[in-house]
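> Sending over a structure as structure tokens; questions will come in a sec.
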There are 2 protein chains.
Amino acid sequence: MGVDKFTKLLDDDRSIMAPAFITPVSSGTTTPTTTTASKLTEAGIKHSSHNSNGETGDLAPLDASLMTRALTKSPKAVPEFDGPEAKAQKTMTDHMVTVSWTVEHGWAAPELKPYGPLSIMPSASVLHYATECFEGLKLYRGYDGRLRLFRCSRNCARMCRSASRIALPDFDPKELEKLIIALCAQDGPRWLPKDQAGCFLYIRPTMIGTDSALGVQRPREALLYVILSCFPDMSKSLASPAPPAMQGQANGAAKASPGLRLIASSEDTIRAWPGGFGYAKVGANYGPSLVAQGEAKAKGFDQVLWLFGSDDYVTEAGASNFFVVVREKTSGKLQLITAPLEERMILEGVTRASVLDLARERLSKSEDGAEALEVSEKRFTMKEMIEAHDEGRLLEAFAAGTAFFIAPVSIIHFRGKDIELPMGDDNGVYARRIKQWLSNIMYGKQEHEWGVVVEEKTQ
Amino acid sequence: MGVDKFTKLLDDDRSIMAPAFITPVSSGTTTPTTTTASKLTEAGIKHSSHNSNGETGDLAPLDASLMTRALTKSPKAVPEFDGPEAKAQKTMTDHMVTVSWTVEHGWAAPELKPYGPLSIMPSASVLHYATECFEGLKLYRGYDGRLRLFRCSRNCARMCRSASRIALPDFDPKELEKLIIALCAQDGPRWLPKDQAGCFLYIRPTMIGTDSALGVQRPREALLYVILSCFPDMSKSLASPAPPAMQGQANGAAKASPGLRLIASSEDTIRAWPGGFGYAKVGANYGPSLVAQGEAKAKGFDQVLWLFGSDDYVTEAGASNFFVVVREKTSGKLQLITAPLEERMILEGVTRASVLDLARERLSKSEDGAEALEVSEKRFTMKEMIEAHDEGRLLEAFAAGTAFFIAPVSIIHFRGKDIELPMGDDNGVYARRIKQWLSNIMYGKQEHEWGVVVEEKTQ
């Protein structure tokens, strides 16, 4: 039912080759290539058209090589990193990329142009039927002075799956990746100055149904766009280490930080269900969670811990994936547990996948004084969590996602009872190690195929 | 969890008095009153501010009496009723009403102004998190030459409940009703000519979160608006009678009509879930249904019959409520059955409520040769439906909603098997009677408190 590519694309991270004009760190290439429009044309890959409305034919595919470029004549002042503008999350960079689509013609030429309002008809599909999906990733300024994306191809592939689920058009995810890179190459140099290693911008690819027909039907017109936002560094307010650049500052803040405070969802509010769309990054998963999220904030918690079913199976923490480190009752072995993907109720997070990959690669054997971890994607219930906590077997809990990165959890409030997890140097060992590894890749302290260098456009 | 007013408002239809400048048919008033801005001011009711963000204070309430009016200088040509423009559902009337809201100031003065595109920031909440809700109702041109709404206060009250569920601001539903009436009074006279009794426009009140902050949070800015659309007469393509004006035409079409063809949802696609938001008219219920709807169309069906749970409990048909007339196995009595509201999985339809009200009032006793009907709001499963059909006890099935009105069902396809319901003069007796009664009220053939006359604005 519109999700037929789910399984196929689930592990396609490696299969999507980086386009010619981006340079993975692991390749060892040090000669910068340029990302001019002409370069995009050379790199453009022609492919067969995709049309989710079941129609085939000579529809234009999404093609980054056709991108036009019109630069702003009045660049904005770049605000300080993690300052008030970032916290307000209303400041976007100077440009955006937009691409329109119609069922009759397919994808138009992408446009890189000054950031500004969209003109949308009051009857547009997106405003009534939530025909919308998005992605969230970051552009990092590394310690080697270079700009990097982190496993960007995964976000682009997931955007395709989300679009399919919400009746929006298909496209080649590699072309979206090129558009993201083109925008980052344009605005990254000025908005993430080279001497401010450890800074980042938040990238928001979005697709909306712009069809002005009021009928409840697949949109016959859509708009894909990419914007870049100043975004707060949520790591700083939490107990585990911030990106390397921020460490001095973060360690200062860490002492006062209470860790992430979660409140379990009430029995009458669920986030997702089997046969629904919890796995897709569609607006319909977010709006309906905001009332519960607002109530959690009003009670002094940071996020809702979303439970499902009569067993109170733990699924997600706010808009992040959720992990625990537990000592297994019978075997006595340490397990890193997170909810499974099979039921399609939880988001297939890029950070989630990276935590699992690194844990399997680097933590499955005892090393450096740390005990080995078994990695398990399985259902984990509140009853099991409480029992593990009461028996001293619950060692860590953390949220993982692009916005919060790796955020250790200090309290889980569940129907009148608090599960407390001590925050401190002796605790959260595994979350801290994984976070540091990921941070090293994002900010170029470790060369790794997940860190994709963006060659900067010279103005 | 944001739905605390659900029970309170569930039956408040009668409690919302019509504002002074609208005249219910049942009142017997025949002197038209005017709906000028000055009249709106007189009718304006000051009330305490509503703020779903939990903040109280001197926030401006929604106040229809403050409405400004700027008329178009280039009125559009009015297309023929039920013509190609109506079928495309892209033609709106000349004007719209918009009202902006901020968490700091509350509701601004409503504006009646020329219909046109909205300027929305690419980062706006509605485009990412589906912070949107809407209503659907119609403006009818009656046989007495007057314009009428049908139980409009119910739509306005439901809009409040939907807004609460999706974290949008609260308002006095009576004020929304006044804005709807003001727009209908402005555009109704020209778009529904007096000599074309039996015509209608579709009314779409909408609210969207316009906050440009990218954070996953309650929108701090919103826009409420009302638009009027040319809309196809879906009754004409179905077997039961159209509104009185169309009867000659509709009866002609009826012979060829196959009735509504439904295909049961597959096990892996579920529309709503207990603890979700199936009861609310929010975008998040519609976008995720479009893939299944498109697949149903491709297979030659009109709508999806949405099932729930391991028992295949029948919930809704497309975006309409679903009814059956069944002879009860043991008692032998006739029952009119529709899904219950308690679990909050189905939309509390205005047409649904009206069918139930009329059936209880007019069909509970044997009369005019028709057998008495018991009315039952309860779970009804596919197994029960198949058994009733096989035993000759399934007499009728129909969908009920604003768009499709009362639409008899001819086929239900369920996992490789067809349940066929004969279409013809001898069948669908109850659906036809109820439809005729409702039509009589909507088009002013019967004076009834549900039909609310809109006094027309003289240009």
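The values are calculated or read from the model by the stated rules, or taken from the named source; none is laboratory data. Bear in mind that the values here come from a model prediction, so they are computed numbers and not experimental data. Cβ coordinates were reconstructed from backbone atoms using ideal geometry, including for glycine residues, and neighbour counts include every protein chain displayed.
> For the stretch B:24-31, check the following and say yes or no: at least one residue is farther than 28 Å from B:Lys445 by Cα and either touching a strand residue (DSSP E or B) at 6+ places or on another chain (Cβ under 7 Å) or at pLDDT 95 or above (or both).
Filtering the stretch B:24-31 down to residues farther than 28 Å from B:Lys445 by Cα leaves none.
Within the stretch B:24-31, none of the residues are farther than 28 Å from B:Lys445 by Cα and either touching a strand residue (DSSP E or B) at 6+ places or on another chain (Cβ under 7 Å) or at pLDDT 95 or above (or both).
> Residues of the stretch B:226-254 being touching a helix residue (DSSP H, G or I) at 6+ places or on another chain (Cβ under 9 Å) and modelled with pLDDT of 80 or more, which ones?
Scanning the stretch B:226-254 gives B:Val226, B:Ile227, B:Leu228, B:Ser229, B:Cys230, B:Phe231, B:Pro232, B:Asp233.
> What number of residues within the stretch B:265-308 are under 27 Å from A:Ala292 (Cβ atoms), within 10 Å of another protein chain (Cβ to nearest Cβ) and not hydrophobic (A, V, I, L, M, F, W, C)?
Residues in the stretch B:265-308 being under 27 Å from A:Ala292 (Cβ atoms), within 10 Å of another protein chain (Cβ to nearest Cβ) and not hydrophobic (A, V, I, L, M, F, W, C): 14 in total.
> Mind counting the residues in the stretch A:218-232 that are more than 7 Å from chain B (Cβ to nearest Cβ) and either under 26 Å from the mean Cα position of the chain (by Cα) or over 15 Å from B:Lys87 (Cα atoms) (or both)? Steps first, please.
The first filter runs over the stretch A:218-232 and keeps only residues more than 7 Å from chain B (Cβ to nearest Cβ), leaving A:219-224, A:226, A:228, A:230-232.
Applying the additional criterion that residues be either under 26 Å from the mean Cα position of the chain (by Cα) or over 15 Å from B:Lys87 (Cα atoms) (or both) yields A:219, A:221-224, A:226, A:228, A:230-232.
Here the count works out to 10.
Rundown of residues vs (1) within 19 Å of B:Leu62 (Cβ to Cβ); (2) more than 23 Å from the chain's Cα centre (by Cα), yes/no style:
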| position | (1), (2) |
| --- | --- |
| B:Glu135 | yes, no |
| B:Leu147 | no, no |
| B:Pro189 | no, no |
| B:Asp195 | no, yes |
| B:Val216 | no, yes |
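> So is A:Arg352 away from chain B (no Cβ under 14 Å) and either out of contact with any strand residue (DSSP E or B) (no Cβ under 7 Å at 6 or more places or on another chain) or over 18 Å from A:Ile411 (Cα atoms) (or both) or not? Can you show your working first?
Details: away from chain B (no Cβ under 14 Å): yes; either out of contact with any strand residue (DSSP E or B) (no Cβ under 7 Å at 6 or more places or on another chain) or over 18 Å from A:Ile411 (Cα atoms) (or both): yes.
When the stated conditions are applied, A:Arg352 passes them.
> For A:Ala264, are the conditions met, namely being touching a residue at least 12 places away in the same chain (Cβ under 8 Å), surrounded by 20 or more Cβ atoms within 10 Å (Cβ to Cβ) and either β-branched (Val, Ile, Thr) or out of contact with any Ser or Thr (no Cβ under 6 Å at 6 or more places or on another chain) (or both)? Steps first, answer last, please.
On the way: touching a residue at least 12 places away in the same chain (Cβ under 8 Å): yes; surrounded by 20 or more Cβ atoms within 10 Å (Cβ to Cβ): yes; either β-branched (Val, Ile, Thr) or out of contact with any Ser or Thr (no Cβ under 6 Å at 6 or more places or on another chain) (or both): yes.
Considered against the rule, which asks whether it is touching a residue at least 12 places away in the same chain (Cβ under 8 Å), surrounded by 20 or more Cβ atoms within 10 Å (Cβ to Cβ) and either β-branched (Val, Ile, Thr) or out of contact with any Ser or Thr (no Cβ under 6 Å at 6 or more places or on another chain) (or both), A:Ala264 comes out as yes.
> Can you tell me which residues in the stretch A:84-131 are within 7 Å of another protein chain (Cβ to nearest Cβ), within 24 Å of A:Gly215 (Cα to Cα) and assigned to a loop (DSSP other than H, G, I, E, B)?
Matches in the stretch A:84-131: A:Met121, A:Pro122, A:Ser123, A:Ala130, A:Thr131.
> Can you pull out the strands (runs of 3 or more DSSP E) entirely within the stretch A:271-377 that have at least 1 residues that are aromatic (Phe, Trp, Tyr)?
Values: elements: A:303-308, A:313-317, A:320-327, A:334-338, A:373-377.
Those strands (runs of 3 or more DSSP E) span A:303-308, A:313-317, A:320-327.
> Taking the residues in the stretch A:296-326 that are more than 17 Å from A:Lys281 (Cβ to Cβ) and of a type in the set (Gly, Ala, Ser) as candidates, determine which candidate is surrounded by the fewest Cβ atoms within 10 Å (Cβ to Cβ).
Top of the filtered list is A:Ser310.
> In the stretch B:132-157, which residues are closer than 25 Å to B:Met67 by Cα and either facing chain A (nearest Cβ under 8 Å) or among the acidic types (Asp, Glu) (or both)?
Selection gives B:Glu132, B:Phe134, B:Glu135.
> Return the residues of the stretch B:309-349 that are hydrophobic (A, V, I, L, M, F, W, C) and more than 14 Å from chain A (Cβ to nearest Cβ); say none if nothing qualifies.
Our first condition is that a residue be hydrophobic (A, V, I, L, M, F, W, C); within the stretch B:309-349, this holds for B:314, B:317, B:319, B:322-326, B:334, B:336-337, B:339, B:341, B:345-347.
Correct list: B:Val314, B:Phe322, B:Phe323, B:Val324, B:Val325, B:Val326, B:Leu334, B:Leu336, B:Ile337, B:Ala339, B:Leu341, B:Ile346.
Each row is one residue, and each column tells you yes or no for (1) in contact (Cβ under 8 Å) with a residue 40 or more places away in the chain; (2) at negative phi.
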site	(1), (2)
B:Ser289	no, yes
B:Val304	yes, yes
B:Asp312	yes, no
B:Ala319	yes, yes
B:Phe323	yes, yes
B:Val326	yes, yes
B:Thr330	no, yes
B:Leu334	yes, yes
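> Go over the candidates A:Lys378, A:Lys365 one by one and state the one that is assigned by TED's automatic domain parsing to the domain that holds A:Ile406, without any contact (Cβ under 8 Å) to a residue 60 or more places away in the chain, within 16 Å of A:Phe322 (Cα to Cα) and loosely packed, with under 15 Cβ neighbours inside 10 Å. Before you say what the answer is, go through the steps one by one.
On the way: A:Lys365 fails: within 16 Å of A:Phe322 (Cα to Cα).
Every option except A:Lys378 fails the conditions.
> Here is a further query. Of all residues in the stretch A:175-220 being on the phi < 0 side of the Ramachandran plot and small (Gly, Ala, Ser), which is surrounded by the most Cβ atoms within 10 Å (Cβ to Cβ)?
Our first condition is that a residue be on the phi < 0 side of the Ramachandran plot; within the stretch A:175-220, this holds for A:175-197, A:199-220.
Pick out the ones that are also small (Gly, Ala, Ser) and you get A:182, A:185, A:188, A:197, A:209, A:212-213, A:215.
On the way: A:Ala182: 26, A:Ala185: 24, A:Gly188: 26, A:Ala197: 21, A:Gly209: 30, A:Ser212: 20, A:Ala213: 20, A:Gly215: 18.
Only one residue tops the list, namely A:Gly209.
> If you don't mind, another one. Tell me which residues, restricted to the stretch A:132-150, are out of contact with any Ser or Thr (no Cβ under 6 Å at 6 or more places or on another chain) and part of a loop (DSSP other than H, G, I, E, B).
A:Glu135, A:Gly142, A:Tyr143, A:Asp144, A:Gly145, A:Arg146
> Exactly one condition in (1) crowded, with 22+ Cβ neighbours inside 10 Å; (2) touching a strand residue (DSSP E or B) at 6+ places or on another chain (Cβ under 7 Å); (3) over 19 Å from A:Glu221 (Cβ atoms) is false for A:Lys138; which is it?
A:Lys138 satisfies all of (1) crowded, with 22+ Cβ neighbours inside 10 Å; (2) touching a strand residue (DSSP E or B) at 6+ places or on another chain (Cβ under 7 Å); (3) over 19 Å from A:Glu221 (Cβ atoms) except (1).
Yes or no, residue by residue, for (1) part of a strand (DSSP E or B); (2) of a type in the set (A, V, I, L, M, F, W, C); (3) in contact with a His (Cβ under 6 Å, 6 or more places away or on another chain):
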{"site": "A:Met385", "(1), (2), (3)": "no, yes, no"}
{"site": "A:Ile419", "(1), (2), (3)": "yes, yes, yes"}
{"site": "A:Asp425", "(1), (2), (3)": "no, no, no"}
{"site": "A:Tyr430", "(1), (2), (3)": "no, no, no"}
{"site": "A:Ile434", "(1), (2), (3)": "no, yes, no"}
{"site": "A:Leu438", "(1), (2), (3)": "no, yes, no"}
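> Here is a further query. Could we say that A:Ile208 is touching an Asp or Glu at 6+ places or on another chain (Cβ under 6 Å) and facing another protein chain (nearest Cβ under 8 Å) here? Spell out the reasoning first.
Details: touching an Asp or Glu at 6+ places or on another chain (Cβ under 6 Å): yes; facing another protein chain (nearest Cβ under 8 Å): yes.
In short, yes.
> Moving on to the next point. For the subset of the stretch B:158-182 comprising residues that are more than 26 Å from B:Tyr286 (Cα to Cα) and touching a strand residue (DSSP E or B) at 6+ places or on another chain (Cβ under 8 Å), which member is nearest to the other protein chains (Cβ to nearest Cβ)? Break it down stepwise before answering.
Here is the first cut: in the stretch B:158-182, the ones more than 26 Å from B:Tyr286 (Cα to Cα) are B:174-175, B:178, B:181-182.
In the following step, the residues that additionally are touching a strand residue (DSSP E or B) at 6+ places or on another chain (Cβ under 8 Å) were identified as B:181-182.
On the way: B:Ile181: 19, B:Ala182: 17 Å.
Across the stretch B:158-182, the extreme among qualifying residues is B:Ala182.
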